[in-house]
């Protein structure tokens, strides 16, 4: 392993047709651009593989599913084009999930923040542990969850999304997320979660692939405009990240506490 761990994305297809796509970054599974690109590509490739019947999306470690955007990379953005390109990485992953012909199951073992909430929302079915609290912290640093909002609102509705967004410094519990429809199932610990994921996937791979494909299309009805919609939202975030407010907030966050 190199001195600097830049994280990774891996994809393994089992004999029963389950493609397990895993991502990891040492900074609480945050997602810099290169990982977003690899993640979108892995989802696209699994979706195009005739051997694959079901996709499982998961992350490494046991505390955080995904901390969202890389703050270090956000600090490096110098113009609107760079900003739009960075936030388009999240748009690409969401659209890859949306366009995939395969049902995507998310295994959420820990907290999800910002873009991590959007990533979980882009899955077709979510299983989580009781420790998988969620938070949309973007407003607190001067931007907003604009790119991921269509995926999140699609899952939990506008009132719950408003609460999640406006209460930007507060985590909402996994039980809250389940009650709002974000999580489909919540388990006591990772062992119980993994057992439930395996059980569900083994059931799904036994179903008619054509029926699963038709279901996938039904689940995403009314989202054909998302390519343009999410690109527009990425441009909004890309401009806001350049503001003095956001730059100061990012510096404060990244400055070591004495």
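The values are calculated or read from the model by the stated rules, or taken from the named source; none is laboratory data. Computed from a prediction, not measured in an experiment: that's the story for all the values here. Quick reminder, even Gly has a Cβ in these numbers, built from the backbone with ideal geometry, and neighbours come from all protein chains shown.
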**OP:** List every residue pair whose Cβ atoms sit under 8 Å apart, with the two residues 6 or more apart in sequence or on different chains, where the first one lies in the range 140-152 and is on the phi > 0 side of the Ramachandran plot and in contact (Cβ under 8 Å) with a residue 12 or more places away in the chain and the second, anywhere, is surrounded by fewer than 21 Cβ atoms within 10 Å (Cβ to Cβ) and outside any helix (DSSP H, G or I).
**Re:** 142/243
**OP:** Return a yes/no flag: does the range 105-117 have any residue that is within 23 Å of residue 41 (Cα to Cα), out of contact with any helix residue (DSSP H, G or I) (no Cβ under 8 Å at 6 or more places or on another chain) and either at pLDDT 95 or above or part of a strand (DSSP E or B) (or both).
**Re:** yes
**OP:** Just need a number here: residues in the range 34-44 that are closer than 16 Å to residue 95 by Cβ and out of contact with any strand residue (DSSP E or B) (no Cβ under 7 Å at 6 or more places or on another chain).
**Re:** 5
Original post:
Does residue 230 qualify as being surrounded by 14 or more Cβ atoms within 10 Å (Cβ to Cβ), under 22 Å from the mean Cα position of the chain (by Cα) and part of a helix (DSSP H, G or I)?
Top reply: yes
Subject >> The one condition in (1) in contact with a strand residue (DSSP E or B) (Cβ under 6 Å, 6 or more places away or on another chain); (2) farther than 14 Å from residue 68 by Cβ; (3) buried (at least 21 other Cβ atoms within 10 Å of the Cβ) that residue 108 fails to fulfil >> reply: (2)
Subject >> Subset of the range 30-55 (residues that are within 28 Å of residue 137 (Cβ to Cβ) and either in contact with a helix residue (DSSP H, G or I) (Cβ under 7 Å, 6 or more places away or on another chain) or assigned to a strand (DSSP E or B) (or both)) >> reply: 31, 32, 33, 36, 37, 39, 40, 43, 55
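Residues are listed down the side, and each one gets a yes or a no for (1) under 19 Å from residue 182 (Cα atoms); (2) touching a strand residue (DSSP E or B) at 6+ places or on another chain (Cβ under 7 Å):
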{"residue": "86", "(1), (2)": "no, no"}
{"residue": "102", "(1), (2)": "no, yes"}
{"residue": "134", "(1), (2)": "yes, yes"}
{"residue": "138", "(1), (2)": "yes, no"}
{"residue": "141", "(1), (2)": "no, no"}
